[in-house]
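Beneath this line is the structure, given in structure tokens, with notes to follow.
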Amino acid sequence: MNFEQLCKEHTFQYPLAKYDFVAIVKQMLLWQPEQPLSHIHLQHPDWSNPGAVQFGNDQGTPYHSNFYTSMHENILFVELYHQLIQEVIAPQFNESIVFQKYPSFRICLPNNRAVGQKHRDSDYGHPSYEINYWVPLTSAFGTNAFYTESEPNKGDFHSVGPLEPGEIFRFYGNKCFHYNEINDTGQTRVSFDFRVIPLSLFKSSDEVSVKSGLSFSIGSYFDLYEQKN
């Protein structure tokens, strides 16, 4: 696909049995394997109080801490993520790609938002040609999903749900505004997301990620996957 086609929002499937991120993330979050991830708010109930998650701490919950600590100590998740990039994502491009080295973890707890404010990723210095991929690990519906416009400045905001584990939502979050409503579904949404750029459109930058502090360059925020002829 060319870049214009990749910018159009699209939902597609991947084989969940092969890429069992749900089971791995349960382990990473120290959650009971027999319990659904959508109930994980019971692990730290104070974080489901109204207003507990704000812009300043939306990447600082105990769930984020467990996820990122485990991701850097246990390579199983990262290996499976890289496999997904190579086997599911890269074939959508006609060339080598630059992809987010470590995906972003999101959790939308009851009575709260997953991310604090409406934004475009370019508002935070992200390179212009990023394509976003959003991977729910629980049912994503209504206000526990997220909202986006279908094209830059179109203003037709809509929930991306319903989506289920085994589905991926692709969108142009770099230029399309997107945001979260307060989750009034009573169920937690767990997901991860990442960004991909065609290599021919990539320009290294000294700008840094607001949350991770990593520069938008290969070997820092990004990694390179070279397509084989």
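Miscellaneous remarks
- Backbone N under 12 Å from the residue 72 label point (7 Å along Cα→Cβ), restricted to segment 204-220: 212-214
- Normalised by the number of residues in segment 152-229, the average gap of Cα pairs under 8 Å and 6 or more apart makes the relative contact order 15 percent.
- Simple point charges give the picture: +1 on the Cβ of Lys and Arg, -1 on the Cβ of Asp and Glu, and for segment 1-123 a dipole about the Cα centre of about 200 debye.
- Segment residue 2-residue 39, length gained on full extension (0.36 nm per residue, minus Cα span): 9.3 nm
- Among (i) 17.9; (ii) 18.8; (iii) 20.4, the entry that matches Kirkwood radius over Cα pairs in Å as calculated here: (i)
- Each other residue within a Cβ distance under 11 Å of residue 10 adds +1 if Lys or Arg and -1 if Asp or Glu, for a net charge of 0.
- Taking every DSSP bridge with both residues inside the chain, close to 95 percent are antiparallel.
- Each helix, a run of at least 4 DSSP H residues, gives -39500 (n - 2.57); summed and divided by the residues of the chain, these come to -4000 deg cm²/dmol at 222 nm.
- Label-zone membership for segment 70-87, site residue 20, 7 angstrom Cα→C-beta point, backbone N under 11 Å: none
- A cut-off of 5 Å between modelled amide H atoms, ignoring neighbours fewer than 5 places along the same chain, links residue 222 with 101, 217.
- In range of the label at residue 200: residues from segment 64-107 whose backbone nitrogen is under 14 Å from the point 7 Å along Cα→Cβ: 93-98
- Angle between the chain longest axis and helix 62-73 axis [Cα atoms, degrees, rounded to 10]: 50
- Nonlocal amide H pairs with residue 207, under 5 Å, H built at 1.01 Å: 216
Rule-based calculations on the coordinates, nothing more; no lab input. All values derive from a computational prediction rather than experimental measurement. For neighbour counting, all protein chains shown are included, and Cβ atoms are generated from backbone atoms with ideal geometry for every residue, glycine included.
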